[in-house]
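Asker: Before we start, here is the structure in question, set down as structure tokens.
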Amino acid sequence: MNEETIHIEQLDIFARVGVTEQERANLQRLTLTITVWPKEKFENLQDDIGRTVDYSAICVAAREFAHPRSNRLIETLADQLAQHLLQNFPLRQIKLELRKFVLPDAAYVAACVTRTAPAD
């Protein structure tokens, strides 16, 4: 089987994420890496954006979903965001990595999820 994906690398998004109220008090910069498996095969797109998954729209949807949220765990935000994108775009599967820059002695902490759309 051929694997056809669209990949978005390290999209900056902003959300309130943290266990303590102080950590959630301000928006934090997070980065999001998303790989999606569209329902439509690339060979059937006919060079028509209306037949594919609009990656720009995915970026907008991810930012709009994350911005008003206030989650304690990045794991929760990653799961909920993956489910939201699966429900709103013609995707077979999504994999995302949500990075948070909170530990002084580490480059980042990440939550990674892979979710599959229910069969049609």
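The values are calculated or read from the model by the stated rules, or taken from the named source; none is laboratory data. Nothing here was measured: the structure is a model prediction, and the numbers come from that model. Positions of Cβ are generated from backbone atoms using ideal geometry, with glycine treated the same way; all protein chains shown enter the neighbour counts. Note: accessible area is taken over every heavy atom of the protein model, side chains too, but ligands, DNA and RNA are not part of it. Shrake-Rupley method; radii C 1.70, N 1.55, O 1.52, S 1.80 Å.
Asker: Sum -39500 (n - 2.57) across every DSSP H segment of at least 4 residues in the chain, then divide by the residue count to get the 222 nm mean residue ellipticity, nearest 500.
Answerer: Value at 222 nm, helices only, nearest 500: -7500 deg cm²/dmol.
Asker: Oh, and also: Give the average over all directions of the projected area of the C-alpha convex hull of the chain, one decimal, in nm².
Answerer: Computed as one quarter of the Cα hull surface, the answer is 8.2 nm².
Asker: If you roll a 1.4 Å probe over the chain with all protein chains in place, what percent of the accessible area is carbon or sulfur?
Answerer: It is 48 percent, rounded to a whole number.
Asker: What whole-number value in Å² describes the accessible area per residue of the chain for a 1.4 Å probe?
Answerer: Dividing the accessible area of the chain by its residue count gives 62 Å².
Asker: On a 0 to 90 degree scale, rounded to 10, what angle separates helix 74-88 from the longest Cα axis of the chain?
Answerer: With both axes taken from Cα atoms, the answer is about 30 degrees.
Asker: Helix 55-66 against the longest principal axis of the chain: what's the angle in degrees, Cα atoms only, rounded to the nearest 10?
Answerer: 30
Asker: Another one. Any idea how far apart residue 116 and residue 20 come out in nm if each label point goes 7 Å out from Cα toward Cβ?
Answerer: 4.2
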